[in-house]
Amino acid sequence: MGKRNAQGILSGKVVIITGASRGIGEACVREFVAEGASVAIFDLPQERDAGEKLAAELGELAQYFPCDVTSADQCEAAVKAASKKFGPITILVNNAGIAISGGLEEMSEADWDKIFSINVKGIFMVGRLVIPQMRKSGSGSIINIASESAFIGFPMHPAYCASKAAVVHLSRSMAVRYAPDKIRVNSLCPGTIDTALYRGFLASLPNPEEVHQQVLDKHPLGLGQPEDISAAALFLASDNSRYMTGAPMLVDGGSTAL
């Protein structure tokens, strides 16, 4: 598992994936390592056990680095350590994110700020450290994980919807700014994916089965799996998408088509 795939489409690439120890992030780590990349697993210090377990399973091509994407000091230390371990970063997947349900009147200011700090500011915090390395290398690919929620107004997720819409437009701004440096920036917008985040959301509700059925009804292809998103992230990371930048890529099971 840990041996480099010399024929992989990411062979020789160095990748940072945030929020990488579970869910979509974990699926991306596995997919990218399988395609020959060296992958830095960034996640919260409290996720160390999960991150180190994943890295140990994948071998020399993966290593866990503690990183809270809202902390400038932790981001700087993690990027520096990852670059020292693997070399200049050429691909960044900004996957770290959080959702807190609650209508606009019920949501606290602290929860609103927390959502934007992780979902939007986190992209800024890690991106600003990695872009100079990509520029020096002569190219790079940044994938910012947004959501179908950037395009659909879910009534009990106003902050999450707003933050993911911000991710889409931030990605467009970054794409225009860094195109002359041959750094591509795209947003990847999943539908509802079967992750711990989604299951935790259901568990917090008084009517989880009813809400789950409502979610299924709004996704013609049903609930997505983390691997559905990691496959799309691999495409955006690779040269197969070399003429794509500033694009919001919807992988949502048809939810926005309804």
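Only the coordinates and a few stated rules stand behind these numbers; no lab work does. Because the structure is a prediction, the values reported are computed rather than measured. Note that we place each Cβ from the backbone using ideal geometry, even for glycine, and neighbour counts take in every protein chain shown.
At-a-glance table
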read-out: Cα-based Rg of the chain normalised by 2.2 N^0.38 Å, two decimals; value: 0.96
read-out: Computed E for Leu221/Phe154 - FRET, C-beta separation, R0 22 angstrom, nearest 0.05; value: 0.75
read-out: Degrees separating the helix 208-217 axis from the principal Cα axis of the chain, which is the longest one; value: 70 degrees
read-out: Gain upon complete extension [Glu210, Ala81; 0.36 nm per residue less C-alpha separation]; value: 41.9 nm
read-out: Footprinting exposure proxy for Asp49, Asp43, Asp194 (fewest neighbouring C-beta atoms within 10 Å first); value: Asp49, Asp194, Asp43
read-out: With at most 10 neighbouring Cβ atoms within 10 Å, loop GluC sites (Glu not before Pro) (DSSP) excluded, longest segment of the chain; value: 107-258
read-out: Computed helical MRE - 222 nm, the chain, DSSP H runs ≥ 4 contributing -39500 (n - 2.57), nearest 500; value: -14000 deg cm²/dmol
read-out: Members of Lys84/Lys114; Lys13/Lys136; Lys53/Lys121; Lys121/Lys182; Lys13/Lys164; Lys13/Lys85 lying beyond 19 Å, as alpha-carbon distances in this model show; value: Lys84/Lys114; Lys53/Lys121; Lys121/Lys182; Lys13/Lys164
read-out: Förster radius 51 Å - calculated FRET efficiency between Ile9 and Asp113, Cβ distance, rounded to 0.05; value: 0.85
